[in-house]
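Encoded as structure tokens, the structure appears first; notes follow it.
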Amino acid sequence: MIKILFLALIFSKNFEEVIFHIPSEYDYRYLVKDFYLMIEIFISFYYQVRKINIPCYYMNDISLEKYHTTQKDAQNKIKKIP
């Protein structure tokens, strides 16, 4: 079985930034060009494998920096999920 590592997706106000929240480690934060295509693929894949919808958070901020759990944060047991 495929192990799904991410627990949630966090989107920025302008839909140009996304965070993949990984509970067992740190988050992955990306700038995206084709936001809607990428999100559609991840949401669809997650549902096909887990049979549940992935939690998605829309943040009314242009930058998602304050919601991003860095490697240093994870080492210090700090989680920044909304």
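Residues in the stretch 25-60 that are in a loop (DSSP other than H, G, I, E, B) and out of contact with any strand residue (DSSP E or B) (no Cβ under 9 Å at 6 or more places or on another chain): E25, Y26, K33, D34, K51, I52, N53, N60.
Annotation: of all residues in the stretch 9-24 being hydrophobic (A, V, I, L, M, F, W, C) and assigned to a loop (DSSP other than H, G, I, E, B), the one that is nearest to A74 (Cα to Cα) is I22. Taken over the stretch 61-82, the criterion of being loosely packed, with under 14 Cβ neighbours inside 10 Å, polar (S, T, N, Q) and part of a loop (DSSP other than H, G, I, E, B) is satisfied by N76 alone. Could you please tell me which pairs satisfy a Cβ distance under 9 Å, a separation of 6+ or placement on different chains, a first residue in the stretch 19-39 that is in contact (Cβ under 8 Å) with a residue 12 or more places away in the chain and within 10 Å of T69 (Cβ to Cβ), and a second residue that is in a helix (DSSP H, G or I) and among the charged types (D, E, K, R)? Note: pairs meeting the criteria are Y26/K72; Y26/D73; D27/D73; R29/E65. Within the stretch 40-51, the set of residues being more than 12 Å from A8 (Cα to Cα) and without any contact (Cβ under 8 Å) to a residue 40 or more places away in the chain comprises E40, I41, S44, F45, Y47, Q48, K51.
Laboratory data are not the source of any read-out in this text; all were calculated from the coordinates shown. All figures in this text were calculated on a predicted structure; none of them were measured in a lab. A quick note on method: Cβ atoms are made from the backbone with ideal geometry, for glycine too, and the neighbour counts reach across all protein chains shown.
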